[in-house]
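Comments concern the structure below.
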Amino acid sequence: FPSHDIMMMKYENRPEIALFLGQLLGESWLLNSTCKYQAPVVVPIPLHPDKMKIRGFNQSELIARGFCDVTGLRLKPHGLMRIKHTQPQFQISADKRQNNLMGAFDLGKDFINHYPSKPILLVDDIYTTGATANSATHTLDGYGINVIGFATVAKAIKRDPQNI
């Protein structure tokens, strides 16, 4: 999907795009996964409650739902919660992204009383610098919860202005 479609999904109220992208991601997982672990539990990257009120849906959760529909993996939509309102990553420079997300997550209600016995696969919409993945993984690691990977439907590519 072109980046335009991902932006439409997030900013033009098109949640059905997220479900479809999740299904495609699930098909790719089934075809290409070499995961030798137990079947992981899928945890989407959460939105801050304020952003959730504005958007009305969490695109990462919908992607994860589509992914789990295809793979049969177990979804824990509230494995993490976002406790810090952060600036959108695309609006800030790469060197400031890690600080933007420092302390952004905590354990969510799905795991607060019962830690998962299986490893976690985090799901998000776009992978840019890895700051979101690192922050979420660091949070779960702090509770002794094993993260085996980070699945996304898109990876941002830095374009060389001379080759455009």
Scope the stretch 23-47; condition open to solvent by 30 Å² or more (accessible area, probe 1.4 Å), in a loop (DSSP other than H, G, I, E, B) and out of contact with any helix residue (DSSP H, G or I) (no Cβ under 9 Å at 6 or more places or on another chain); matching residues: Thr34, Lys36, Tyr37, Gln38
Residues satisfying the stated conditions in the stretch 99-129, i.e. assigned to a strand (DSSP E or B) and either of a type in the set (Phe, Trp, Tyr) or touching a residue at least 60 places away in the same chain (Cβ under 8 Å) (or both): Phe105, Ile120, Leu121, Leu122, Val123, Asp124, Asp125, Ile126, Tyr127
The residue that is least open to solvent (accessible area, probe 1.4 Å), considering only those in the stretch 133-164 that are at pLDDT below 90 and touching a strand residue (DSSP E or B) at 6+ places or on another chain (Cβ under 8 Å), is Ala154
What are the pairs with Cβ atoms under 9 angstrom where one residue, in the stretch 130-149, is in contact (Cβ under 8 Å) with a residue 60 or more places away in the chain and the other, located anywhere, is open to solvent by 20 Å² or more (accessible area, probe 1.4 Å) and aliphatic (A, V, I, L, M)? Sequence gap at least six, or different chains. Thr132/Ile126; Ala136/Val147; Leu140/Val147
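The values are calculated or read from the model by the stated rules, or taken from the named source; none is laboratory data. A quick note: this is a predicted structure, and the numbers were derived from the prediction, not measured. Glycine also receives a Cβ, built like all others from the backbone with ideal geometry; neighbour counts cover every protein chain displayed. Areas reflect the complete protein model, heavy atoms only, side chains present, ligands, DNA and RNA absent. Shrake-Rupley method; radii C 1.70, N 1.55, O 1.52, S 1.80 Å.
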